[in-house]
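Asks: Dumping the structure here so I can ask a few things about it.
The values are calculated or read from the model by the stated rules, or taken from the named source; none is laboratory data. On a predicted model such as this, the values are computed, not experimentally measured, just so you know. Here the Cβ positions follow ideal geometry from the backbone for every residue, glycine too, while neighbour counts run over all protein chains shown. The protein model used for the area step is the full one, side chains on, heavy atoms only, and it has no ligands, DNA or RNA in it. Shrake-Rupley method; radii C 1.70, N 1.55, O 1.52, S 1.80 Å.
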Amino acid sequence: MASLLLLLLLAAAAAWVWGRQEWRARAVERGFAAQGVRGPRRGGWLRGCNEEPFNLNSYYFGNRQKPYISFCIKSYKVVKEKGGPFLYWLGPQPRICISDYDLVKQILSNKYGHFVKNDAHPVILSMIGKGLLLVEGTDWVRHHRVLTPAFAMDKLKMMTRTMASCAECLIKEWEDQTSTRKSIEIEVEFSKQFQDLTADIICRTAFGSSSKEGKEIFHAQRQLLAIVITTILNVQLPGFKYLPTKRNRCKWTLEKKLKNTLMQIIQSRIASKGNGYGDDLLGVMLDACFSTEQGEKRDELVLTMDEIIDECKTFFFAGHETTSHLLTWTMFLLSVYPEWQDRLRVEVLRECGKEKPNADMLSKLKEMTMVLLETLRLYPPVISMFRKPITDMQLGRLHLPRGTAVVIPIPMLHRDKEVWGDDANEFNPLRFENGVIKAAKIPHALLGFSIGPRSCIGQNFAMLEAKSVMAMILQKFSFTLSPSYVHAPADLITLQPKFGLPMLLRALDA
Ligand code: HEM
């Protein structure tokens, strides 16, 4: 009897939750329809519009049948034909997709904090912490003030040597493979190798730490990422995150491991303090935590220890995941456009010879910069940005109720022919010949690192890293796509090749 009662209660609770969600969803749809904003059919609040024919992110990058960029931008047409924003559903969550550059600029350049980041998924929070990427308001100002000096150009230039040394180890492995196998070509899966390499680089440059600790952080974050990818569309039931389900237990173990490893890195830096904590990212944070400019202990902490741990998580993840995909897509495009591969090699050999590149040499690689920017335009590692207004807002003709999730679809904007020209879908690095500002019909149309106050703090770091790795590969190898490559760019939080990037690598002096 008791169990029957419990069952009835559960069924009633489920019906109530369902009814409330459905009622809310219809109210949202009605509200936007009254403003002329529609979108693809909603498939029920559990499913959203996630199944075909509407997946916002599946249209920009061609598909497996047409191996190279067949841009079937169906969603783009929805926007352009109807001339404005549209509504779609991600699971139970409504999203307003904004593809008008003027509106996007209003959102991203807003200095008054009217648009804040969307609430992060709980597992994303465990994975990257509430660091600079997610904090808001005065907390953001405080964190930003502490962290900015770590990215000064003179510091970044010093890091170039470490970046190049990490790349050198990997390149040596490939050289050994080509010489021991005595084959002209070896097959390398670049996506995975670049993830390892960029994780190693961020670990050494930002935290001065060993690759063993770096690997532990890397693995914990990757496993958390896998949980995010499988659960991102699930409805978040209240209290569910506290239940000891298999997934929750796994998440708790990984969280603990991440925190312990980061604590080890931090403790050993504190223990080895000589004249200061060092001038890498971790050193800068510890300094802000413990000492005044006169070297005395602060009365009021500028960053707490928990905030430092969260920043370490943020920087570890943001600092390697995105750059590895930029490198991956650059390799892909250079193998599809071998004439550009040759051009870059000529430039690299002219400016760096066969030496390990330093920051001054890298600053002379103009065509390399153009290719990286064009890659960022066609294959932006960060595929969407999310914001919500903190009060009811008027955005152009659109009335946005407080808290409405707004999506900025970067690939869609990067292929707008009115802004980028008729060749918007083609790979043409020359559009960046006169710099980013003049590359399109409006300035700052490239959103790969975002724009405005919340733009990427690590963009110079990423560009230096990508240039040094690419320069060193081009000095030693030529490369083509492996026949086993399948073109399937996928939105797995960042844009990555779903089946990796197998390439055939050939030593230049073979
Ligand atoms: C190719 C590489 C990279 C790309 C494409 C990229 C892209 C972006 C984008 C689009 C944003 C804005 C996100 C938003 O507003 O929702 C962002 C923010 C951020 N990025 Fe990057 N990023 C890259 C590399 C890096 C690196 C190497 C670091 C650190 C070492 C880094 C750290 C951050 C941080 C901390 C923020 C938050 C900034 C803030 O809100 O003030 N990123 N990045």
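Asks: Accessible area of Thr369, 1.4 Å probe, to the nearest 10 Å²?
Replies: Estimated to the nearest 10 Å², Thr369 gives 40 Å².
Asks: With Cβ to Cβ distances under 9 Å as the rule, what net charge do the other residues near Val406 carry (K, R +1; D, E -1)? Numbers along the way, then the final one.
Replies: Details: positive: Arg95, Arg387, Lys388; negative: none.
Net of charged neighbours comes to +3.
Asks: What order do Ser335, Ser109 take when sorted by accessible area (1.4 Å probe), most exposed first? If you can, show how the numbers build up before the last one.
Replies: Working: Ser335 20, Ser109 50 Å².
Sorted by accessible area, descending: Ser109, Ser335.
Asks: Could you pull out which residues in region 364-398 have an amide N less than 19 Å from a spot 7 Å beyond the Cα of Leu349, following the Cα-Cβ vector?
Replies: 364-369
Asks: Still on this structure: If DNA, RNA and ligands are ignored and the probe is 1.4 Å, what is the ranking of Ser126, Ser210 by accessible area, most exposed first?
Replies: Working: Ser126 10, Ser210 55 Å².
So the residues, ranked largest to smallest area, are Ser210, Ser126.
Asks: Sorted by mean Cβ packing within 10 Å, highest first, what order do the peptides 113-125, 159-171 take? Could you put the intermediate results ahead of the total?
Replies: Values: 113-125: 17.4, 159-171: 19.5.
So the peptides 113-125, 159-171, ranked by packing, come out 159-171, 113-125.
Asks: Choose one of Leu334, Pro122, Ser478: the residue whose Cα lies farthest towards the positive end of the charge dipole of the chain (beta-carbon charges +1 Lys, Arg; -1 Asp, Glu; about the Cα centre).
Replies: Most positive-ward Cα: Pro122.
Asks: Rounded, prolate or oblate: which one fits region 157-227, using the alpha carbon gyration tensor with axes a ≥ b ≥ c (rounded when a/c is under 1.5, else prolate when a/b beats b/c, else oblate)? Mind dumping the intermediate values first?
Replies: On the way: a/c = 2.77, a/b = 1.39, b/c = 1.99.
Oblate shape, in that a/c is at least 1.5 and b/c is the bigger or equal ratio.
Asks: Rounded to two decimals, what ratio of Rg to Rh does region 138-197 give with C-alpha atoms and a Kirkwood Rh?
Replies: Numbers: Rg = 18.4 Å, Rh = 14.7 Å.
Answer for region 138-197: 1.26.
Asks: Report ³J(HN,Hα) in whole Hz for each residue of region 420-435, in order, from the Karplus equation J = 6.51 cos²θ - 1.76 cosθ + 1.60 where θ = phi - 60°; Gly and Pro get x.
Replies: So the Karplus estimates, Gly and Pro as x, are 9, x, 5, 8, 3, 8, 9, 7, 9, x, 4, 5, 9, 4, 9, x Hz.
Asks: In Å and on Cα atoms, what radius of gyration and Dmax does region 434-510 show?
Replies: Spelled out, the Cα radius of gyration and Dmax of region 434-510 are 16.7, 49 Å.
Asks: More than 19 Å apart: what percent of Cα pairs in region 308-423 qualify?
Replies: Details: 4382 of 6670 pairs.
Across region 308-423, Cα pairs with separations above 19 Å total 66 percent.
Asks: Dipole size in debye (nearest 20) for the chain around its Cα centre, Lys and Arg Cβ +1, Asp and Glu Cβ -1? Please list the in-between numbers first.
Replies: Numbers: 67 positive and 53 negative charges, 310 e Å.
Value, rounded to 20: 1480 debye.
Asks: Here's a follow-up. Among Phe316, Pro429, Tyr242, whose Cα projects farthest towards the positive end of the dipole of region 27-507, with charges put on the beta-carbon of Lys, Arg (+1) and Asp, Glu (-1)?
Replies: The residue sitting most towards the positive pole is Tyr242.
Asks: What number in nm² do you get for region 1-45 if you take the convex hull of its Cα atoms and divide its surface by four? Before the final figure, lay out the partial values.
Replies: Details: hull surface 13.1 nm².
Computed as one quarter of the Cα hull surface, the answer is 3.3 nm².
Asks: Here is a follow-up. Say the dipole of the chain comes from +1 at the beta carbon of Lys and Arg and -1 at that of Asp and Glu; which of Val17, Ser99, Met385 then lies farthest toward its positive end?
Replies: So the residue furthest toward the plus end is Val17.
Asks: Keeping every protein chain in place, order Met305, Met361 by accessible area at 1.4 Å, biggest value first, i.e. largest first. List each step's numbers first, then the result.
Replies: Values: Met305 50, Met361 30 Å².
Reading off the accessible areas and sorting them downward yields Met305, Met361.
Asks: I'm checking a number: the convex hull volume of the Cα atoms of the chain, normalised per residue, in Å³. What is it? Intermediate results must be reported in sequence, preceding the final value.
Replies: Values: hull volume 91.4 nm³, N = 510.
Taking the convex hull of the Cα positions in the chain, it is 179 Å³ per residue.
Asks: Going down the table (Lys215/Lys259; Lys157/Lys366; Lys212/Lys354; Lys257/Lys498; Lys215/Lys257; Lys417/Lys467), which pairs top 20 Å between alpha carbons? Each step should come with its number before you reach the end.
Replies: Working: Lys215/Lys259 14 Å; Lys157/Lys366 17 Å; Lys212/Lys354 30 Å; Lys257/Lys498 27 Å; Lys215/Lys257 12 Å; Lys417/Lys467 28 Å.
Listed pairs above 20 Å: Lys212/Lys354; Lys257/Lys498; Lys417/Lys467.
Asks: Right, another one. Give me, ordered by chain and number, the residues 5 or more places off Gln35 or on other chains with an amide H under 5 Å from its own placed amide H.
Replies: none
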